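Trainee: I'd like to ask you about the structure that follows.
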Amino acid sequence: MRGVFWAALAAWALPALAMAVEERVAAEAEVVRIGDGTLQIGLDSAHGTLRELILLPDGPNQLADSPAPVGLWQMTVGDGTTSYEVSAERAGPPQVERLSGDPPGLRLVWEVVGAEGQEPLRVEVLVRLDPQDAPLSRWELSVAKPRNVQLQQVRFPRVPSLRERTDEVLAVPRELGALARNPRRLTQGQSNQGTRLVWRYPWVMAMQCLAFYQPDGPGFYAACDDPHSYRKEFALWGDERAQVHFEILHEPEQEAAEVVEFRLPFAVVLGAFRGDWTTAAQLYRQTPGAQAIAERGRLRRQLTPGWLPETGLWVWNRGRSPGVLEPATVMRNHLQTPVSVLWHWWHNCAYDAGFPEYLPPRDGSESFQAALAAARQQDVHAILYMNQRLWGMQTRSWIDEQAERYAVKGPDGKVRPEVYNVFMQAPCVPMCIGTRFWRDKYAGLAEEVFCGLKADGVYMDQTGVLANCYDPRHGHILGTGRYWTDGLAMLTSEIRDRCSTRGRVALGGEFCGEPWIGNLDLTLALSVSADRIGLAPPWEPIPFFQAVYHDCTIVFGNYAGLVHPPYDEKWPPEKALPENLTLMDRKFTPQFLLEQSRTFAWGMQPMLANFLPSQLQERPEEIDFVTRLVRTRMQSLKYLLHGTWLRPPPLDVPHQEIDVAQIGVYTPLKASKRTYPVALAGAWRAADGDVAVALASIHDQPLRLRLPIDALAYGLPARCGVYRIDEAGRQRLGRFDGRDGVWQIELPPRGLCLVEFSQEECLEKPSPRPRGTQAESAKDMR
């Protein structure tokens, strides 16, 4: 009987009509609509294809006319031996029912009859408008099916033909965040026949949302309201008509086998808006799922070690303690503020080859402990690098501990070696975090580092790099599943339990990601160094993640340094480059300043990579910039550590072509040029309601800036006091009057400051002054 069912299902899934007939039916189909004053949804009655997504009261339709239907859902189904594609546009007209109650909603049901005696495949979609009167809609899907049917992939919802607009922009929370201008061109591919752009969650996507829009104009918004971080993909694809379509791909855990009903375990959110990516971040920040995730944040819950929020600067150095802790101590004395260290290559093994044979330290345990203790007396704390997923296949421990048994396996039951070390070509294998063996192994190493060596924490590299494991001996579900993020939560809990006798251990990780903000104390975000790490045009970094979760978790770092990268003493000496740790060309200084400026304006803890004390004399201008940045930031933590992101005022400043270097420990220097504005801004609201605009200039000339301030959007009173915060302290500038809406300020060459709008004077009577643009007095202009 199963064969009869699949024969019937295959016949139904194959194209039954020519494309011309499909287009004619689609054009003639009635559109069923729901609306609530903020958003209107329209679905055609022939296929259930989404035809209207209209921002009310007078916004345009976000969707253009599409000749061929793009079904609301598409699924790959199978029985273990064969698989078929089934889709809404092939299933015939759905039953459409208006839902009672408020907000308005629709139920759409597609039913496919199998062979005699077989249960039908029944797909149900529910859509309701947002209960909070936001211009959003919530979409749910369920599938009733025979028990033997597997759902290998579910694509839902599918949105056809995003309307073409002037100056289109795509914003995706890829790691910290990325923005592309003219994204339609990206979806056309080399042949202009269309290609597919895909972002997997929870990595490389740090959050579950996307925005496709015209700046300050209409835009399309999509998100998932999923606090449990199920695996999924967001995708845009183009076609030969230069249309752009959207869908979210879901992979049901265990392919929904042996169940008779699959329900997508969260709602998908589709909407329309006016604004930009900050608007999209605000919409996402208000969803129940994001709010639940935010409440887990260790910074928000005040669970981080006390020294961590007080860190003024991170030094990212590598090697033995004299080349790491001693430079950090010099910098701490220079800054007169606490410095912390991200410490690579402290371990006994070769980097990216001998993991996890980290112990003992290269310095020897006693010398290492003494160096850490001396540094801590100087307000220098250190977290030590340990990769949390790799085991080197050429290590003795790989054999002795039978590590292969606990490694990630593919569907064929074999391990998947990865090679990162280009100098040694040493294969490493990802270990399965779903196994008790690997969690015990790593937690035991972390305990020795924290309780034995007395380091301050562990940097868990590759935190966000997930894998699908198919080894049935590991005790987790096979293939796609949440066992990876669940395993990380168990691992970090075990580390903290083991280390609790000494105090709070700092756990850091690589890549921003909302699933682990409740597990890690801080995450490294190298996206601010996009050019240095090779993020290709037309993508540019944006602080999308910071705009949602800034006050929940600490984000730190960049890859900005003044010298060529070092070479590990454990690597083959004959392959070392002569320029290791030598100064880079001064032509790359603007790139260095830009990376530091992003870190400052975007509310991150700053970092200096490969710092040597000689740089204080050899590169005084660059070190002065970092010094002023750190001192300004440390006086502004209620904004730059604990604040909530606001849309910063646009800056009317020149753009400048600068030299940029793509470079890394494995990447030879590759120089190119990019054009960037010479200043950037970030805006932050403190918990007490005060607002500050962070400004940073990389220009070698003074800049006179006009800051349009939307007092209503910022939650400011009509009148408030204005202060300037910089390395010299906080000084009063005057009073802001919302009737004028603009504040002027001058930045000196390569200047840094915050312009603070404080409510502490809002009840005072405003002093008389001429109407017009407000500005600092001449004596206050710097």
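Trainee: Filter Lys414/Lys570; Lys570/Lys673; Lys587/Lys670; Lys414/Lys441 down to the pairs with a C-alpha to C-alpha distance above 23 Å, please.
Mentor: Lys414/Lys570; Lys570/Lys673
Trainee: For the stretch 467-514, what size does the Cα cloud have along each of its three principal axes, sorted from largest down, in whole Å?
Mentor: Per principal axis, max minus min of the Cα coordinates gives 38, 26, 12 Å.
Trainee: Could you tell me the ratio Rg/Rh of the stretch 234-298? Both radii from Cα atoms, Rh via Kirkwood. If you can, show how the numbers build up before the last one.
Mentor: On the way: Rg = 16.5 Å, Rh = 15.4 Å.
That ratio is 1.07, to two decimals.
Trainee: Then there is this: Give me the extension gain from Glu310 to Glu418: residue separation times 0.36 nm, minus the current Cα-Cα distance, reported in nm with one decimal.
Mentor: Residue separation times 0.36 nm, minus the Cα-Cα distance, leaves 35.2 nm.
Trainee: How much of the pair distance distribution for the stretch 386-427 lies past 17 Å, counting alpha-carbon pairs only, in percent? Spell out each step's value before the answer.
Mentor: Working: 295 of 861 pairs.
Beyond 17 Å sits 34 percent of the P(r) for the stretch 386-427.
Trainee: What is the gain in length, in nm to one decimal, between Glu258 and Leu669 on full extension, counting 0.36 nm per residue of separation less the C-alpha to C-alpha distance?
Mentor: Taking Glu258 through Leu669 to full extension adds about 142.6 nm, to one decimal.
Trainee: Could you give me the percent of Cα pairs per 10 Å distance bin for the stretch 69-108, shortest bin first, beginning at zero and ending with the bin that holds the maximum distance?
Mentor: Histogramming the stretch 69-108 at 10 Å steps yields 24, 35, 28, 11, 2 percent.
Trainee: Oh, and also: So what's the convex hull volume per residue for the Cα atoms of the stretch 692-746, in Å³?
Mentor: 91 Å³
Trainee: Taking the Cβ of Leu520 as the centre, find all other residues whose Cβ is under 15 Å away and add up their charges (Lys, Arg: +1; Asp, Glu: -1).
Mentor: Surrounding charge for Leu520 is -1.
Trainee: Relative to 2.2 N^0.38 Å, what does the C-alpha radius of gyration of the stretch 516-619 come to as a ratio? Two decimals please.
Mentor: Cα-based Rg divided by the globular estimate yields 1.23.
Trainee: For the stretch 126-264, just run the numbers: alpha carbon Rg, then divide by 2.2 N^0.38 Å, N being how many residues it has.
Mentor: Output field value: 1.14.
Trainee: If only Cα atoms are counted, what is the Rg of the stretch 560-700, and what is its Dmax, in Å?
Mentor: Cα only, the stretch 560-700: 17.3, 59 Å (Rg, Dmax).
Trainee: Cα convex hull of the stretch 200-270: how many Å³ per residue?
Mentor: 133 Å³
Trainee: Can you compute log10 of I(q)/I(0) for the stretch 541-589 with the Debye formula, treating each Cα as one identical point scatterer, at q = 0.14, 0.33 Å⁻¹?
Mentor: For the stretch 541-589 at q = 0.14, 0.33 Å⁻¹, log10 I(q)/I(0) is -0.62, -1.23.
Trainee: Another question, if that's okay. With 5 Å bins from zero, work out the P(r) of the stretch 331-476 over every alpha carbon pair and list the percent per bin.
Mentor: Percent of pairs per bin, in order: 2, 9, 17, 21, 17, 13, 9, 6, 4, 2, 1, 0.
Trainee: Among DSSP beta bridges whose residues both lie in the stretch 315-467, state the antiparallel percentage, nearest 5.
Mentor: Looking only at bridges with both residues in the stretch 315-467, the antiparallel portion is about 35 percent.
Trainee: Next question, about the same structure. Looking at the stretch 234-356 from every direction and averaging, what is the projected area of its Cα convex hull in nm²?
Mentor: With every direction weighted equally, the projected area is 16.2 nm².
Trainee: Next up: Whole percent per 10 Å bin, from 0 to the bin with the longest distance: what is P(r) over all C-alpha pairs of the stretch 391-469?
Mentor: Final binned percentages: 16, 44, 34, 5, 0.
Trainee: Label Arg98 and Asp486 with points 7 Å out from Cα along Cα→Cβ: what is the distance between them in nm?
Mentor: Result for the modelled spin labels: 4.3 nm.
Trainee: With equal scatterers on the alpha carbons only and no solvent term, can you work out the Debye log10 of I(q)/I(0) for the stretch 111-177 at 0.26 1/Å?
Mentor: Normalising to I(0) and taking log10 leaves -1.20.
Trainee: Dimensions of the stretch 635-695 along principal axes (Cα, Å, largest first)?
Mentor: In descending order, the Cα extents are 48, 31, 18 Å.
Trainee: Let me ask something additional. So, R0 is 25 Å and r is the distance between the beta-carbons of Gln394 and Glu448; what FRET efficiency does that work out to, to 0.05?
Mentor: Approximately 0.65, to the nearest 0.05.
Trainee: Here's another thing I want to ask about it. Could you work out Rg/(2.2 N^0.38 Å) for the stretch 273-342, with Rg from alpha carbons only?
Mentor: 1.69
Trainee: Determine Rg/Rh for the chain; Rg is computed over alpha-carbon atoms and Rh is the Kirkwood hydrodynamic estimate from the same atoms.
Mentor: Reported Rg/Rh, Kirkwood definition of Rh: 0.99.
Trainee: Along the principal axes of its C-alpha atoms, what lengths does the stretch 269-311 span, in descending order and rounded to whole Å?
Mentor: Principal extents (largest minus smallest coordinate, Cα): 43, 21, 8 Å.
Trainee: Oh, and also: Per DSSP H run of at least 4 residues, take -39500 (n - 2.57); add these up for the chain, divide by its residues and hand me the 222 nm value, nearest 500 deg cm²/dmol.
Mentor: That comes out to -5500 deg cm²/dmol.
Any read-out appearing in this document is the output of simple, stated calculations on the displayed coordinates, not a laboratory observation. Predicted, not measured: the structure shown is a model, and the values here were computed from it. Here the Cβ is made from the backbone with ideal geometry for all residues, glycine too, and neighbour counts use every protein chain on show.
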